[in-house]
Amino acid sequence: MDIARCLTTIDLLCTRDLHPEHGRTDAGTSGPGYLVAVLQTSGEFWEDDGTERDETAAQYEHDRDGLAERLTARWGAPQIFSLASLFDRIMADEDIPEPWALLSNHVPDLHLWRLPETERWLALGVSQWDKELPFQLIAVITDVDPP
């Protein structure tokens, strides 16, 4: 992982305007009140017996934690925010705001900071939509409070 590049991307996200509509950006996706940037993407696991997938999962968590250490030096310790209960609440027909509802489909937990002197949150997580698909290290900037 290129930690300097990831930190630069996060710094840019922190200063960008949040888009009023859903769409693509140069770093990922956006929607009303949030930006999601893909910092790193692994290969796919279609032919894997599970070994490479497990090793990649561990590496992506390690990369997230390393980046979180740098951000902790800036903003203090993050909250660790599990998204599992949000997914359950969505399945029970509760209306969960974005980006939290979308994230609960593919990110188990987030490292979450309230950015000083703003109404924004920064979240770091490891995403995987399905066991054969790539892992992604993502950063999310949002002005939507976690539910």
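The values are calculated or read from the model by the stated rules, or taken from the named source; none is laboratory data. Small disclaimer: the values here were computed from a predicted structure and weren't measured. Here Cβ is always computed from backbone atoms with ideal geometry, including for glycine, and neighbour counts include all displayed protein chains. Accessible surface is based on the protein model in full, side chains and every heavy atom, while ligands, DNA and RNA are left aside. Shrake-Rupley method; radii C 1.70, N 1.55, O 1.52, S 1.80 Å.
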inquiry  = Let me check I've understood the local charge: for P134, count other residues with C-beta under 12 angstrom from its C-beta, Lys and Arg +1, Asp and Glu -1. What total comes out?
reply    = -3
query = Which FRET efficiency value, to the nearest 0.05, do you get for I3 and R89 by plugging their Cβ-Cβ distance into 1/(1 + (r/R0)^6) with R0 = 41 Å?
reply = 0.75
inquiry  = Which of rounded, prolate or oblate describes the range 61-147 when judged by the alpha-carbon gyration tensor and an a/c cut-off of 1.5?
reply    = oblate
query = Given Cα pairs under 8 Å that are at least 6 residues apart, what percent is the relative contact order of the chain?
reply = 28
task = Quick one, can you get me the convex hull of the C-alpha atoms of the range 1-54 expressed as volume per residue in Å³?
result = 109
Long-range amide H partners of L110 with built H, under 5 Å = F81, S82, L83
key: Charge dipole (debye, nearest 20) of the range 59-147; +1 at Cβ of Lys and Arg, -1 at Cβ of Asp and Glu   = 360
query = Of the accessible area of the range 1-68, with the probe set at 1.4 angstrom, what percent is carbon plus sulfur?
reply = 48
request  = Give me the orientation-averaged projected area of the Cα convex hull of the range 106-147, in nm², one decimal.
outcome  = 3.1
note = Mean accessible area per residue over the chain (1.4 angstrom probe, all protein chains present, square angstrom) is 54
remark   = Percent of all alpha-carbon pairs of the range 28-102 at distances over 18 Å, whole number, is 64
request  = Report the local net charge at D54: Lys and Arg +1, Asp and Glu -1, summed over other residues whose C-beta lies under 14 Å from its C-beta.
outcome  = -4
query = Stretch T15-D145 to full length: gain in nm at 0.36 nm per residue minus the Cα-Cα span?
reply = 45.0 nm
task = Throw me the Rg/Rh for the chain, computed over C-alpha atoms with Kirkwood Rh, two decimals.
result = 0.95
task = Starting from the Cα of E69, step 7 Å along the direction of its Cβ; do the same at D26; then give the gap between the two resulting points in nm.
result = 3.0
